[in-house]
Amino acid sequence: MNQGKALYKLQEIDLGLIRCDKRLQAIEAQLADNDAVKAAQVTVDIAEEELKPLQKNLRDLELQVQSTRSKRNNTETRLYSGSVTNPKELQDMQNEIESLKKWHAELEDRMLEVMLGVEEAESVLNDAQDTLAQVMEAAATENQDLLSEKQALISEVSHLQEKRIAAIAAVDETNLKLYDTMRPQKANQPIAKLNSDDTCSACGIRQMGVVTQEIRRSEELIYCRNCKRLLVAL
């Protein structure tokens, strides 16, 4: 296939994909633009924020309990190992063990209290998430037309992606790189048609006769003298 025509075909597919993507984004925004959904989402966000510090506090307490248990075990091991014979040091170790036992018990009491708080906060969050799911489902039911259009667009995207693979296969690697380079520079339209009156379809400027003849009969890629897009005679 003529490289100009192959590039134009690829451009048409890419423009179709861009159109589908923009419409899908608009549909998603419209589906999400629901006061009931927004209110339910706010409730979920608040519940999540209230749960986070409780979970962190519980993790901190668990680490303290582990550390206290480890210290007590180490001290008890030394106490009963027979390696320490000094009466004062033995008494200090016994006092430390008792202190660690009391601190361990206090930490466990705190942990129990925080665990209850975590469970309550998790329950609130679960209820909020359930409500959000129900509200979103209700909103979805109210927007069946949008959902049908969304599904059709998804199918169209899949079809266009398949066509794009075939279209790319018809383009030389060098020309494909040129196309990819020019796309962001030319608002995704680096290829323009040469109209029947020898004007560029993108900028409307008439091309010189010798140039238009070359475009119509040659495989060579030729630029519009004004907008610098590649011109194609279809």
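State yes or no: is Ala152 exposed (fewer than 13 other Cβ atoms within 10 Å of the Cβ) and at positive phi?
Values: exposed (fewer than 13 other Cβ atoms within 10 Å of the Cβ): yes; at positive phi: no.
So Ala152 does not fit the description; no.
Suppose we filter segment 94-143 for residues that are within 17 Å of Leu58 (Cβ to Cβ), surrounded by 13 or more Cβ atoms within 10 Å (Cβ to Cβ) and among the hydrophobic types (A, V, I, L, M, F, W, C); how many remain?
Residues in segment 94-143 being within 17 Å of Leu58 (Cβ to Cβ), surrounded by 13 or more Cβ atoms within 10 Å (Cβ to Cβ) and among the hydrophobic types (A, V, I, L, M, F, W, C): 8 in total.
Within segment 155-172, can you find the residues that are surrounded by 14 or more Cβ atoms within 10 Å (Cβ to Cβ) and either of a type in the set (Val, Ile, Thr) or assigned to a helix (DSSP H, G or I) (or both)? Let's see the steps before the verdict.
The first filter runs over segment 155-172 and keeps only residues surrounded by 14 or more Cβ atoms within 10 Å (Cβ to Cβ), leaving 156-157, 160, 163-164, 167-168, 170-171.
Answer for segment 155-172, where residues must be surrounded by 14 or more Cβ atoms within 10 Å (Cβ to Cβ) and either of a type in the set (Val, Ile, Thr) or assigned to a helix (DSSP H, G or I) (or both): Glu156, Val157, Leu160, Lys163, Arg164, Ala167, Ile168, Val171.
Considering Glu149, Glu106, Glu96, Glu122, which residue is farther than 30 Å from Asn226 by Cβ, touching a Ser or Thr at 6+ places or on another chain (Cβ under 6 Å) and not assigned by TED's automatic domain parsing to the domain that holds Cys224?
Numbers: Glu149 fails: touching a Ser or Thr at 6+ places or on another chain (Cβ under 6 Å); Glu106 fails: touching a Ser or Thr at 6+ places or on another chain (Cβ under 6 Å); Glu122 fails: touching a Ser or Thr at 6+ places or on another chain (Cβ under 6 Å).
Of the residues listed, the single one that is farther than 30 Å from Asn226 by Cβ, touching a Ser or Thr at 6+ places or on another chain (Cβ under 6 Å) and not assigned by TED's automatic domain parsing to the domain that holds Cys224 is Glu96.
Give the number of residues within segment 179-193 that are crowded, with 16+ Cβ neighbours inside 10 Å and among the β-branched types (Val, Ile, Thr).
Summing the residues that are crowded, with 16+ Cβ neighbours inside 10 Å and among the β-branched types (Val, Ile, Thr) in segment 179-193 gives 1.
Farther than 19 Å from Arg23 by Cβ and either more than 25 Å from the chain's Cα centre (by Cα) or in a helix (DSSP H, G or I) (or both), is that true of Asp109?
Details: farther than 19 Å from Arg23 by Cβ: yes; either more than 25 Å from the chain's Cα centre (by Cα) or in a helix (DSSP H, G or I) (or both): yes.
So Asp109 fits the description; yes.
Pairs, please: C-beta under 6 Å, at least 6 apart or cross-chain, first residue part of a loop (DSSP other than H, G, I, E, B) and in segment 193-209, second acidic (Asp, Glu)?
Every condition considered, the pairs that remain are Gln207/Asp198.
Can you pull out every residue in segment 78-93 that is under 60 Å from the mean Cα position of the chain (by Cα) and surrounded by fewer than 13 Cβ atoms within 10 Å (Cβ to Cβ)?
Here is the first cut: in segment 78-93, the ones under 60 Å from the mean Cα position of the chain (by Cα) are 78-81, 92-93.
Tyr80, Ser81 - these are the residues of segment 78-93 that are under 60 Å from the mean Cα position of the chain (by Cα) and surrounded by fewer than 13 Cβ atoms within 10 Å (Cβ to Cβ).
Can you name the number of the only condition in (1) modelled with pLDDT under 85; (2) touching a helix residue (DSSP H, G or I) at 6+ places or on another chain (Cβ under 6 Å) that Gly16 fails?
(1)
Among (1) within 25 Å of Gln134 (Cβ to Cβ); (2) among the basic types (Lys, Arg); (3) buried (at least 17 other Cβ atoms within 10 Å of the Cβ), where does Lys9 come up short?
With (1) within 25 Å of Gln134 (Cβ to Cβ); (2) among the basic types (Lys, Arg); (3) buried (at least 17 other Cβ atoms within 10 Å of the Cβ) applied to Lys9, the lone miss is (1).
If you check Lys9, Lys56, which single one turns out to be basic (Lys, Arg) and modelled with pLDDT of 95 or more? Break it down stepwise before answering.
Details: Lys56 fails: modelled with pLDDT of 95 or more.
Lys9 is the lone residue from the list that is basic (Lys, Arg) and modelled with pLDDT of 95 or more.
Met182: part of a helix (DSSP H, G or I), aliphatic (A, V, I, L, M) and not assigned by TED's automatic domain parsing to the domain that holds Asn73, yes or no? Give the derivation first.
Details: part of a helix (DSSP H, G or I): yes; aliphatic (A, V, I, L, M): yes; not assigned by TED's automatic domain parsing to the domain that holds Asn73: yes.
Yes: the conditions hold for Met182.
The values are calculated or read from the model by the stated rules, or taken from the named source; none is laboratory data. Just so it is clear, the structure is predicted and the values come from calculations on it, not from any experiment. Positions of Cβ are generated from backbone atoms using ideal geometry, with glycine treated the same way; all protein chains shown enter the neighbour counts.
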